[in-house]
1. Where Rh is the Kirkwood radius over the Cα pairs of the range 41-111, the temperature 4 °C and the viscosity 1.567 mPa s, what D in µm²/s does Stokes-Einstein return?
2. What length, rounded to one decimal in nm, is gained on full extension from residue 41 through to residue 97, with 0.36 nm per residue of separation minus their alpha-carbon distance?
3. Quantify, in whole percent, the carbon and sulfur part of the accessible surface of the chain (1.4 Å probe; protein heavy atoms only).
4. Expressed as an acute angle from 0 to 90° and rounded to the nearest 10, what is the orientation of the C-alpha long axis of helix 164-184 relative to the principal long axis of the chain?
5. When the Cα atoms of the range 74-182 are enclosed in a convex hull and the volume is divided per residue, what value in Å³ results?
6. Got a sec? Charge dipole of the chain, +1 on Cβ for Lys and Arg, -1 for Asp and Glu; which of 158, 38, 220 is way out at the positive end?
7. Taking the Cα centre as origin and putting +1 on Lys and Arg beta-carbons and -1 on Asp and Glu beta-carbons, what dipole magnitude results for the range 122-235, to the nearest 20 debye?
8. Given a Förster distance of 30 angstrom, what is the FRET efficiency for residue 212 paired with residue 117, based on the Cβ-Cβ distance and rounded to 0.05?
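The values are calculated or read from the model by the stated rules, or taken from the named source; none is laboratory data. Because the structure is predicted, anything quoted here is derived from the model rather than measured. Quick reminder, even Gly has a Cβ in these numbers, built from the backbone with ideal geometry, and neighbours come from all protein chains shown. Note: areas computed on protein heavy atoms with side chains; ligands, DNA, RNA excluded. Shrake-Rupley method; radii C 1.70, N 1.55, O 1.52, S 1.80 Å.
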Amino acid sequence: MRYLTVLLLSMLLVSCTKDNMSGESNDYWNEEQMLSTSALNLYSFVPFTDEEWKEMSFVYKLEQRQIPEAFLHKMSTKELFYQYVYCDLSKSVLVFNTIQQGFENTKPLNMLPELLNRPDAGHVLLDLLQKVDPAKIKSPDCHWFYLCLNMIGAQPEIINRMTDEDIDNYIEQQMRCHNTIKHLSAIDENWEYPASVKTLLFGLGNVMIRYEYDTFVQTLGRHPDTNELIWNTQYMTEQDVAQVIDGVKQFKNRKK
């Protein structure tokens with residue numbers, strides 16, 4: 001995905017497009033400007049020097065990005081999410097084989113366990129997601145925000161704490177984003193399909209795993225040692241994506 005290449009070269013966040021979202025009475029993109037932290041209380045880290053970036057180990061860098069516990073526990077769930085988006089180490093997820101593998105390697109950041117364990121995390125992230133229109137994403141930094149939103153929102157810890165109502169809304173919003181991105185991929189070279197929806201699909205798969213939806217679960221393998229289900233989107237083809245999307249549609253309609 002071309003955006004990811006740009007993201008590796010850009011470490012400074014700039015403002016998102018201010019275009020209005022059609023049909024949004026409370027236009028998040030305009031009124032709060034997705035990347036704005038003006039109303040948020042985030043912890044300020046001392047930036048690494050060029051020499052420190054080059055010489056320090058990743059483990060040591062992680063140690064330098066721990067938030068004092070007293071400050072951490074006073075942060076809102078939304079602030080914790082923004083803290084991760086703005087943390088310079090969060091973009092290290094892009095240098096691993098998969099986004100999920102990279103995310104696992106940033107979990108020593110104490111902001112992440114705090115965020116993942118918040119009971120309202122799913123609802124807060126969903127509130128952000130339903131205000132996002134992928135068609136309005138014009139800059140790499142807005143794309144990074146959207147990737148983080150999908151990446152964190154897709155985690156089992158988040159999915160498994162959502163209410164049934166939130167899950168239904170999550171499916172609706174992710175299917176909306178999927179359809180938009182699929183359309184964009186035909187007209188915008190920055191949105192490659194299916195690469196641009198793999199993180200989104202990871203979350204939808206975790207929904208079906210949570211509910212033990214057999215039509216989906218039976219397509220997965222299990223770890224030989226732990227017997228846990230293996231759900232990986234790394235090598236998915238367009239045909240594989242279509243199968244998952246079809247499974248999500250069946251899952252959504254299972255009670256009708």
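1. Calculated translational D: 100 µm²/s.
2. Taking residue 41 through residue 97 to full extension adds about 16.8 nm, to one decimal.
3. For the chain, the apolar C and S fraction of the accessible surface comes to 48 percent.
4. The two axes meet at around 90 degrees.
5. Considering the Cα atoms of the range 74-182, their hull volume per residue is 102 Å³.
6. 220
7. Values: 9 positive and 16 negative charges, 56 e Å.
Taking the Cα centre of the range 122-235 as origin, the dipole is about 260 debye.
8. FRET efficiency, residue 212 to residue 117: 0.85.
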